[in-house]
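> Sharing a structure, written as structure tokens. Questions coming.
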Amino acid sequence: MHIVSLNIKKDSIIFEIEGYHVSQKYLLKGTEIKNKLKLELIKDLTQFENPQIEKIKDFGAITYDGNKYILACPYIDLNFGYGVKQICILKKG
């Protein structure tokens with residue numbers, strides 16, 4: 001199991017994944033488009049940078065369905081969902 005966390009501030013978004021043999025951290029940019037927060041990679045903050053990550057700019061989007069915030073992220077689908085589309089329900093905390 002992997003734990004995904006997003007720390008969203010006015011001027012930055014930190015995206016982290018922690019789990020078995022995994023510790024990744026990225027600085028993202030958020031752009032609001034039609035009731036979605038579109039996420040884009042700015043910089044890899046991981047201790048051991050992965051040159052392949054620079055090819056991935058689309059980190060998906062956060063939407064609000066009136067009840068909960070949902071993250072759809074191609075990066076998670078590709079690296080942790082074995083190519084299967086994953087939906088992450090975000091919890092404030």
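Every read-out reported here was derived from the displayed coordinates using simple, explicitly stated rules and does not represent laboratory data. Given the structure is predicted, the values throughout are model-derived calculations rather than measurements.
> Can you list residues from other chains, or at least 5 along the same chain, whose modelled amide H is less than 5 Å from the amide H of Ile13?
When sequence neighbours closer than 5 places are left aside, the close amide H contacts are Leu28.
> I've got another one for you. Taking H as built 1.01 Å from N, whose amide H comes closer than 5 Å to the amide H of Phe59, not counting residues under 5 places away?
Leu39, Glu40, Leu41
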